[in-house]
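A.B. asks: If you scroll down you'll find the structure; I have some questions about it.
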Amino acid sequence: MTACSAQQTILKKLPMEKVHKIDALNIVLVIIAFVLAYFLPFQLFLFAYIVLGPLHYLTEIFWLRRKNYFLPKSSKAAVVLMFICLLASLPTLFDLAGTSIEGMPASISHFFRNHYSSLVLAAFLFAICALRFNKLWKLLLAVIAVLFLTFLFSVYTRDLLLLVGIFLPTLVHVYLFTTLFILQGAIKSRSTLSYLLAAIILAVPFLIGVIPFQAKTHNLTPFIIEAMELSHFDLLIAELQLQLNGLLLTDIDFNSPLVLRLQTFIAFAYFYHYLNWFSKTSIIGWSKGLNLSSSIVIAILWLAALVIYSIDLEKGFAALFFLSLLHVFLEFPLNLI
């Protein structure tokens, strides 16, 4: 599939009046997401990630499958991406099953704990190869090449690899790729409102950087703090802190102005990412192939995810981690196109 044909597949030809309405709606949604993120940075993120997230994963994976994951026709590369995702998710899946990873051989335990970032990079590099190769033997050679390149990264650029593992499946996915899709739509439609939408989204991080944040103004309950830690998004905040001013994970103060700024951006990025997906069904066309049976399956799985979260928050994050990472990996070919 060429980049041009993929663009035509992603962005449906709509009347300009319809495009303007969708853009206007999304400008409103961006403003709502920003305001809510400013006043409820932790609560909004948890709501978006727990409630909207699973529905987004399920509907997007269904859509990507119908589009053959935007890979060459009859390509088996998606299976490789799924397998890499399974390897990257094994630690959380073992935790979910109640099996201690410490009881495994030391070499396997070390691999699971220390090579998550390598697997994220491997999935991204393999997606690049998968867009070019269709034959099985070429894909096998691509796997070998990717493993070798990932090994070099892990040995010589360990810090860069860590950043790839932390940011590529999170903020790069929900903020950068979303913004690029919006810019792509603006270039195609030449709509002033589309460009305005992209400009507002790009301006949000700068607004968060200059508007005042006062410490200890948020009512953070023990439940919210525990949920942030169980979700492991405190690690994302810690890495952002480290890159900005050298503060370590042990120094996190959830009520500090810096953490509030970072969490406001994270909440905005995730909440709007999901809103954007659900508001552009007519442009992307992801709902077009949904029939009654597939809709019922998606609804049941989504409700099951919510039930798991409501029963045991830790098991909810563990159970949904694989699905979350899977939709990121399977979207890599589309992102690259």
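The values are calculated or read from the model by the stated rules, or taken from the named source; none is laboratory data. The structure presented is a predicted model; accordingly, all values stated were derived computationally and were not measured. Cβ sites come from the backbone with ideal geometry, for glycine too, and all protein chains shown count toward neighbours. All accessible areas refer to the heavy atoms of the entire protein, side chains included, with ligands and DNA or RNA removed. Shrake-Rupley method; radii C 1.70, N 1.55, O 1.52, S 1.80 Å.
A.B. asks: Can you give the accessible area per residue of the range 257-330, in Å², using a 1.4 Å probe?
C.D. replies: 39
A.B. asks: Whenever you get a sec, line up HIS20, HIS273 from highest to lowest accessible area (probe 1.4 Å, protein heavy atoms). Spell out each step's value before the answer.
C.D. replies: Numbers: HIS20 70, HIS273 15 Å².
The ranking, largest first, comes out as HIS20, HIS273.
A.B. asks: Report the FRET efficiency, 1/(1 + (r/R0)^6), for THR221 and LEU196, where r is their Cβ-Cβ distance and R0 is 30 Å, rounded to 0.05.
C.D. replies: Details: r = 38 Å, r/R0 = 1.26.
The value I calculate is 0.20.
A.B. asks: Please calculate the 1.4 Å probe accessible area of ILE337, with all protein chains present, and give it to the nearest 10 Å².
C.D. replies: The accessible area comes out at roughly 50 Å².
A.B. asks: Among the trypsin sites (Lys or Arg not before Pro) within the range 254-332, which fall in a DSSP loop and have no more than 14 other Cβ atoms within 10 Å of their own Cβ?
C.D. replies: LYS288
A.B. asks: Still on this structure, I have one more. At 1.4 Å probe size, with the rest of the protein present, what percent of the exposed accessible area of the range 228-298 is carbon and sulfur atoms?
C.D. replies: 64
A.B. asks: Continuing with the same structure: When all protein chains stay in place, what accessible area (Å², nearest 10, 1.4 Å probe) is found for ASP23?
C.D. replies: Here the accessible area works out near 10 Å².
A.B. asks: Gain in length, LYS138 to HIS232, computed as 0.36 nm per residue apart minus the alpha-carbon separation, to one decimal in nm?
C.D. replies: Working: separation 94, 0.36 × 94 = 33.84 nm, distance 3.69 nm.
Residue separation times 0.36 nm, minus the Cα-Cα distance, leaves 30.2 nm.
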